[in-house]
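Single-structure report; data block below.
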Amino acid sequence: MPEIVGESLARRLVEWGVDTVFGLPGDGINGLMEGFRRHREKLRFVLVHHEEAAAFMATGYAKATGRLGVCAATSGPGAIHLLNGLYDAKLDHAPVLALTGMQETSLLGSRYQQEVHVDRLFQDVADYNLMITNPQQMPGVVDLAIRNALVKNTVSHLSFPNDIQVASVEQDPYRHPAPGVAPSSMPALDRPLLRPEEAALRRAAEVLNSARKPAILVGVGALHARDEVIAVAEKLGAPVVKTLPGKAVVPDDHPVTTGGLGLLGTKPSEEAMEECDTLLMVGTSFPYGKYLPEPGKVRVVQIDSDATLLGLRLPVEAQIAADAKLALRGLLPLLSDGDQGFLHKYRQEMDSWRADMTALQDGSREPIAPQYLMGCIDRLAADDATLTCDSGTIATWAARHWTIRGDRRFYLSGNLATMAPGLPYAIAMQHAFPSRQIIAFVGDGGFAMLMAEFLTAVRHELPIKVIVNNNNSYGQILWEQIILGYPEYAVRHRQPEADFSAWARGCGAYGVKVTRPGDLEHAVGLALEHPGPALVDVDVNPNEPPMPGKVKYDQAKHFTEAFLRGQPHKVATLATVVRDKINELRA
């Protein structure tokens, strides 16, 4: 059979090392699907139930592997559904290629069915964004799109009209009056790590060596530089503060770290930011400026492979545009031994914080404390497990009670902070790492949005484990309303609470509902040991507040105002807060 454009695309993806496409077919991409069919021995097509999930899967795959994630959707509504997952990739700098359909070129402009100009719709989300209009563009534009995604760690998009998809790749329908020729290249890319300049390293060392109270803030750009981060921290005597996407940079039980920063972070991290006189930022552009030192009050050194991010949040005295690992290696020999007093202080503060967090994992409380649920998962999960997480209060419990140790990993939607990626991420990562334990820690709100994808896991025989933190509400939104001084409104679902375990069993998987704390640890253990996909739906206390690591006066004031203005469930909420404080004092 003659090679059609759809097959040319599939063949080029294989040549680039792509082995998986996440998507949902439709008549708008039948030519692409035929290409995938012809290369099915080397290119796996993962059939999903919703295109949003396909985009999340491609994003999760890219985040976990560093390789290109690919998703496909039909024209019109199918392509529209991709957008949320693609914005997740864009904002978290994950390389993803989106493939969509388009109506026949002869019909464009005629208000034909599903005539959505997807290339215009994707103009903001995709850095490389093109509708193919001539078979002669293939496969050169595929190379350009993939290189752009990989080099810039962003989204590329190619849209294929129906008639172009099924056209012979050799077809040359037009004259060529321009002096140029169609793009022609090889499926190859050299991505050398960006090396630091010696002058920049010396300037950074000068700033850091003069510090009396240095601190380090690390993000996702330092995930591959664990040893170097620890070595620099120990040399300077600097506590290491972590962004949530950078949680796995340093093990949570390591003596140099004070854990996370921000609303979901720790009190020692927040106080270290307030007290430090010098800040080294590595692989992060942490957006929540209220948790950073005041501009002009500290000296700042920043390392990032993306030079456009240097100085984005704070005035930076010494900028290093380089790979984090190479920059820290080059910096280490230039550093003097720092006073260990500042680090020692925050080691002690962190010991107290850890004791407080352990105390909140109280298995005697009823309803079940979400901290206890996350504590059970943490104790029973493998030392190389991957935890995926949705946005919401679950991110708080994961941030504080999921311990990075060994080769554990952690992923969530960092900058978009969207609901519902936890389950699709888990499916994609289990495809990428079949032998690794993959756990999705999700809320009832996020799980309900894309719960059909649990059936995708079952049908693909993926042994993912899903733990549903079921508070029958949109818990984070609830507390965000209260923290502004407003009583909660329209954030709790009516009774009855859903039993998602029934859905799991209906899909042919292991499913169990837990309502009593005494049953929890055993149920989680059985699920983690189960050889196939498993789900544990846990009814947790809906009135457990995700309190900030350090409560500020304005937050306490607004909390009180919300109660005075008619906050419902105030008695249960106050009782929970009191029990939490008693447990902390006992610790």
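The values are calculated or read from the model by the stated rules, or taken from the named source; none is laboratory data. Note that the structure is predicted; figures quoted are calculated from it, not measured. FYI the Cβ positions are ideal-geometry reconstructions off the backbone, even for glycines, and counts take in every protein chain you see. Remember, those area values only see protein heavy atoms, side chains included, never the ligands or the DNA or RNA. Shrake-Rupley method; radii C 1.70, N 1.55, O 1.52, S 1.80 Å.
Computed from the C-beta positions of residue 1 and residue 436, the FRET efficiency with R₀ = 45 Å rounds to 0.70. Element breakdown for segment 151-299 at a 1.4 angstrom probe: carbon and sulfur atoms account for 54% of the accessible area. If the chain linking residue 306 and residue 575 were pulled fully straight, counting 0.36 nm for each residue of separation and taking away their Cα-Cα distance, it would gain 92.1 nm.
Spacing of the modelled spin labels on residue 452 and residue 27, each 7 Å from Cα toward Cβ, amounts to 1.9 nm. Overall, segment 1-156 carries a charge dipole of about 320 debye about its Cα centre when +1 sits on the Cβ of Lys and Arg and -1 on the Cβ of Asp and Glu, all other atoms neutral. Taking the Cα centre of segment 403-522 as reference, the dipole from Cβ charges on Lys and Arg (+1) and Asp and Glu (-1) amounts to some 240 debye. Sequence-distant contacts, meaning Cα pairs under 8 Å at least 6 residues apart, place the relative contact order of segment 234-301 at 26 percent. Normalised size of segment 169-295, defined as Cα radius of gyration per 2.2 N^0.38 Å with N residues, equals 1.59.
Charged neighbours of residue 150, selected by a Cβ distance under 10 Å, balance to +4 (K, R count +1; D, E count -1).
Close amide-amide hydrogen proximity is noted between residue 260 and 242, 266, each under 5 Å apart and 5 or more residues distant or on a separate chain (H modeled in the peptide plane; Pro and chain starts excluded). Of the accessible area of segment 68-128, with the probe set at 1.4 angstrom, what percent is carbon plus sulfur? Roughly 48 percent of what the probe reaches on segment 68-128 is carbon or sulfur.
Using only the alpha-carbon atoms of segment 423-543 as identical scatterers, what base-10 log of I(q)/I(0) does the Debye formula give at q = 0.10 Å⁻¹? Listed by q, the Debye log ratios stand at -0.32. Since only 420, 485, 161 are under comparison, the one whose Cα sits farthest along the positive direction of the charge dipole of the chain, derived from C-beta charges on Lys, Arg, Asp and Glu, is 485. Among the chymotrypsin sites (Phe, Trp or Tyr not before Pro) in segment 61-143, those placed in a DSSP loop whose Cβ has at most 15 other Cβ atoms within 10 Å are 112. The residues neighbouring residue 219, those whose beta-carbon lies less than 12 Å from its own, together hold a net charge of 0 under the Lys/Arg +1, Asp/Glu -1 convention.
Using C-alpha pairs under 8 Å with a sequence gap of at least 6, the mean separation divided by the residue count of the chain gives a relative contact order of 12 percent. Rounded, prolate or oblate: which one fits segment 282-371, using the alpha carbon gyration tensor with axes a ≥ b ≥ c (rounded when a/c is under 1.5, else prolate when a/b beats b/c, else oblate)? The shape class here is prolate. Listed values for segment 4-11 are Karplus-derived 3J(HN,Hα) couplings in whole Hz (6.51 cos²θ - 1.76 cosθ + 1.60, θ = phi - 60°), namely 9, 4, x, 6, 4, 4, 4, 4, and x replaces Gly and Pro. For residue 571, the solvent-accessible surface computed with a 1.4 Å probe is close to 120 Å², ligands and nucleic acids excluded. For segment 153-243, which trypsin sites (Lys or Arg not before Pro) pass both filters: DSSP loop (anything but H, G, I, E, B) and at most 15 other C-beta atoms within 10 Å? Within segment 153-243, the qualifying trypsin sites (Lys or Arg not before Pro) (loop, at most 15 other Cβ atoms within 10 Å) are 175, 212. Using the Cβ atoms and a cut-off under 12 Å, what net charge is assigned to the surroundings of residue 43, where Lys and Arg are +1 and Asp and Glu are -1? Surrounding charge for residue 43 is +3. In segment 385-440, what percent of the accessible surface is made up of carbon and sulfur (1.4 Å probe, ligands and nucleic acids excluded)? The nonpolar share, carbon plus sulfur, comes to 48 percent. In whole angstrom, segment 541-587 maps to an equivalent ellipsoid with semi-axes of 19, 15, 8, each derived as √(5λ) from the alpha carbon gyration tensor and ordered largest first.
Across segment 210-362, the mean sequence separation of Cα contacts (distance under 8 Å, 6 or more residues apart), normalised by length, yields a relative contact order of 28 percent. Computed over segment 1-107, the alpha-carbon pair-distance distribution with 10 angstrom bins reads 16, 48, 31, 4, 0, each value a whole percent. Axis angle, to the nearest 10 degrees, between helix 520-529 and the longest C-alpha principal axis of the chain: 40 degrees. Calculate the dipole size of the chain relative to its Cα centre from +1 charges on Lys and Arg beta carbons and -1 charges on Asp and Glu beta carbons; express the result in debye to the nearest 20. With Lys and Arg at +1 and Asp and Glu at -1, about 580 debye.
The residue among 380, 300, 24 whose Cα reaches farthest toward the positive pole of the charge dipole of the chain, with charges on the beta-carbon of Lys, Arg, Asp and Glu, is 300. What the Cα convex hull of segment 134-184 gives, in volume per residue, is 90 Å³. I'd like the distance separating the alpha-carbon centroids of segment 498-570 and segment 285-342, in whole Å. Computed from Cα coordinates, the inter-centre distance equals 37 Å.
Excluding ligands, DNA and RNA, the accessible surface per residue across segment 98-216 is 54 Å² with a 1.4 Å probe.
Looking at the chain, the pairs of alpha carbons with a distance over 33 Å make up 48% of the total. Taking every protein chain into account, the 1.4 Å probe leaves residue 33 with about 40 Å² of accessible area, to the nearest ten. In the chain, the DSSP-assigned H stretches of four residues or longer account for a calculated mean residue ellipticity at 222 nm of -11500 deg cm²/dmol, using -39500 (n - 2.57) per stretch and the full residue count as denominator.
The GluC sites (Glu not before Pro) of segment 3-63 that DSSP puts in a loop, and whose beta carbon has at most 10 other beta carbons within 10 Å, are 41.
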